[in-house]
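The values are calculated or read from the model by the stated rules, or taken from the named source; none is laboratory data. Only a predicted model underlies this, so the values are computations on that prediction, with no experimental measurement involved. A quick note on method: Cβ atoms are made from the backbone with ideal geometry, for glycine too, and the neighbour counts reach across all protein chains shown. Each accessible area value is taken on the protein alone, full model and side chains, heavy atoms only, with ligands, DNA and RNA left out. Shrake-Rupley method; radii C 1.70, N 1.55, O 1.52, S 1.80 Å.
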Amino acid sequence: MIFKYNSILDIKKIQNFTKIKKFEILDFGCGTGVWSQQNLNDKNIKRITLYDNNKTLIKILKKKYTQKKIKINFNFKNAIKSQRYNLIIISSVIQYMSIAKFKELIKIFLKNKKIKKKNFFVIITDVPSFPRPFEFILMPFFNLKRFFYVFKMIFSGEYQKLNYYLHKKRDFDFLRKKFKVEYYQNFHDLKYLRYSLILKLK
């Protein structure tokens, strides 16, 4: 995505929830990166592949992440098929995707023969709970820094071109055919304004 706000992902909570011993992660829609140095020093993280459809981010990510365990691959088909993953993270992305597009994305993930079926998770995090204007009013009470960042972004022409979708939880019911679905507190900040979906492959 286009955002430069660094909301760090709470990988420890993800570890506690999934019980995955060695993470092989695809960060789909990685933006400018949610991985802290502490995350990258974690021996439980074997590899993280970063993917985004905004190729202008490649230069930023290469400068930010020089560790060998970080792979930057903005070729979608290659990123999906070239590596094994036991965790796919979709962070701050779902609100810019229609449910139809999201369904297609899930189908593509499931067609990957390299997916470790036994213990495979998809985590969709930073999902808005409220309409955008209402969330914007509440945001300064929960994260003032993020509020000012969003305030600045509202006037960005690139941001205004983005479609925005407020999904209801029932919109994700189709996932229950293939996944065990759980709703959890957000793995970022804004824990009372946003939430996470944890999908474990059946």
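Worth pointing out:
- Here region 173-191 is the region considered, the condition is being in contact (Cβ under 8 Å) with a residue 60 or more places away in the chain and farther than 18 Å from Gln15 by Cβ, and the residue that is most open to solvent (accessible area, probe 1.4 Å) is Lys178.
- Any hit, region 35-56, residues being within 16 Å of the chain's Cα centre (by Cα), within 18 Å of Lys200 (Cα to Cα) and surrounded by 14 or more Cβ atoms within 10 Å (Cβ to Cβ): no
- Subset tally (residues that are in contact with a strand residue (DSSP E or B) (Cβ under 6 Å, 6 or more places away or on another chain), closer than 14 Å to Leu199 by Cα and not β-branched (Val, Ile, Thr)) for region 87-108: 2
Results for (1) at pLDDT below 95; (2) under 16 Å from Lys180 (Cα atoms); (3) surrounded by fewer than 16 Cβ atoms within 10 Å (Cβ to Cβ), shown as yes or no for each residue.
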site: Ile80; (1), (2), (3): yes, no, no
site: Arg84; (1), (2), (3): yes, no, yes
site: Ser98; (1), (2), (3): no, no, yes
site: Glu104; (1), (2), (3): no, no, yes
site: Ile108; (1), (2), (3): yes, no, yes
site: Lys114; (1), (2), (3): yes, no, yes
site: Lys117; (1), (2), (3): yes, yes, yes
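- Scanning region 119-144 for residues that are crowded, with 18+ Cβ neighbours inside 10 Å, under 24 Å from Lys81 (Cβ atoms) and not β-branched (Val, Ile, Thr) yields Phe120, Phe121.
- Tally, over region 61-101, of residues that are on the phi < 0 side of the Ramachandran plot and touching a residue at least 40 places away in the same chain (Cβ under 8 Å): 18
- Selection status of Ile88, among the β-branched types (Val, Ile, Thr), in a helix (DSSP H, G or I) and at pLDDT 90 or above: no
- Helices (runs of 4 or more DSSP H) completely within region 1-83 that count 1 or more residues being touching a Gly at 6+ places or on another chain (Cβ under 9 Å): 57-64
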